[in-house]
Amino acid sequence: MKKITITLYRFEELPEATQKQVTEKLGNINVDYSFWYEYSYDHFTKLCAVLGVTVDPKSLHFKGFYSQGDGSSFRADVNLVKLMEAVKSRAWSELMAENELDISAPDVSDRLFSLMKKEVIDVSANVNARRSSTGIAACLDWNYNSSKNFHNIERAFSYLENWFQKTAETLNDYLYMSLQTEYEFVTGEQSVAETIIANEYLYRRRRACISSGSTCRRSMIIKEIAFFQT
């Protein structure tokens, strides 16, 4: 009976060049079998809630990150009055840096805003995902008593439609960039190394052939330590 002794190495014991090879090989370890994007989804949902945008969590979707056609989408019901108030007060600053969102308050008259807030003008607003699966379309409907003296209301709501679409697109862009930032973090060399160490992966030196014949032996040359495997 023969006994074979195999020396196993922790990740921290590998040469730096080999550590780099290992982290490159296992670069997707944090994204293949985990819901790494849930933090970004949760943060986005909370952000939107502060703005009066109620996101359907099941509608959140993304495709990424470095190809044409990549992007994100979501569906939401929107309280337009609350959204306008929240943008004016920069309400998102309670969750993150104020400059992380570039949204300007709409330029509408105080009278129009008051009529909307009092529901004299009935407003319905929502965000829908485009059929291409990435990108969004903001929809705005309003009803009012045409006998009332509301001057230029059609023009005002045409402006609000454009503002609402741009605002929704800005939110969607923020969602996508948040996801990309999170993805790049969890697939970064440091995050991958931390996961390898936490899971206590062990490595052994491969047998390396050093001649054209069939005989192989373990190389003791330090550069050959690159032949490691899980």
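Is it the case that the stretch 39-51 has a residue that's aliphatic (A, V, I, L, M), assigned by TED's automatic domain parsing to the domain that holds Q180, out of contact with any Pro (no Cβ under 6 Å at 6 or more places or on another chain) and over 17 Å from T167 (Cβ atoms)?
Going residue by residue through the stretch 39-51, those that are aliphatic (A, V, I, L, M) are 47, 49-51.
Still in the list and also assigned by TED's automatic domain parsing to the domain that holds Q180: 47, 49-51.
Now narrow it down to the ones that are out of contact with any Pro (no Cβ under 6 Å at 6 or more places or on another chain): 47, 49-51.
Remaining after also requiring over 17 Å from T167 (Cβ atoms): none.
For the stretch 39-51, residues aliphatic (A, V, I, L, M), assigned by TED's automatic domain parsing to the domain that holds Q180, out of contact with any Pro (no Cβ under 6 Å at 6 or more places or on another chain) and over 17 Å from T167 (Cβ atoms): absent.
Identify, please: which residue in the stretch 5-41 is closer than 30 Å to W92 by Cβ and in contact (Cβ under 8 Å) with a residue 60 or more places away in the chain and is, among those, surrounded by the fewest Cβ atoms within 10 Å (Cβ to Cβ)?
Looking only at the stretch 5-41, we keep the residues that are closer than 30 Å to W92 by Cβ, and these are 30-31, 34-41.
With the extra rule that they be in contact (Cβ under 8 Å) with a residue 60 or more places away in the chain, the set shrinks to 30-31, 36-37, 39-40.
On the way: N30: 18, V31: 16, W36: 17, Y37: 18, Y39: 13, S40: 22.
Looking at the filtered set, the residue picked out is Y39.
Suppose we filter D102, D77 for residues that are under 20 Å from the mean Cα position of the chain (by Cα), charged (D, E, K, R) and closer than 22 Å to Y41 by Cα; which single one remains?
Working: D77 fails: under 20 Å from the mean Cα position of the chain (by Cα).
Among D102, D77, only D102 is under 20 Å from the mean Cα position of the chain (by Cα), charged (D, E, K, R) and closer than 22 Å to Y41 by Cα.
So if I check each of A198, A208, A138, A156, which one is of a type in the set (A, V, I, L, M) and modelled with pLDDT under 60? Talk me through it step by step, then tell me what you get.
On the way: A198 fails: modelled with pLDDT under 60; A138 fails: modelled with pLDDT under 60; A156 fails: modelled with pLDDT under 60.
None of the others qualify; the one that does is A208.
Conditions (1) outside the structural domain of F44 (by TED's automatic domain parsing); (2) more than 19 Å from L179 (Cβ to Cβ); (3) polar (S, T, N, Q); (4) part of a helix (DSSP H, G or I), marked per residue:
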| residue | (1), (2), (3), (4) |
| --- | --- |
| D77 | no, yes, no, no |
| L83 | no, yes, no, yes |
| K88 | no, yes, no, yes |
| S93 | no, yes, yes, yes |
| D102 | no, no, no, no |
| P106 | no, yes, no, no |
| F113 | no, yes, no, yes |
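Can you tell me which residues in the stretch 42-69 are in a helix (DSSP H, G or I) and either surrounded by fewer than 20 Cβ atoms within 10 Å (Cβ to Cβ) or at pLDDT below 95 (or both)?
Step one: filter the stretch 42-69 for residues in a helix (DSSP H, G or I), giving 42-50, 57-59.
Scanning the stretch 42-69 gives D42, H43, T45, K46, A49, V50, P57, K58, S59.
The values are calculated or read from the model by the stated rules, or taken from the named source; none is laboratory data. Given the structure is predicted, the values throughout are model-derived calculations rather than measurements. Cβ atoms come from the backbone with ideal geometry, glycine included; neighbour counts cover every protein chain shown.
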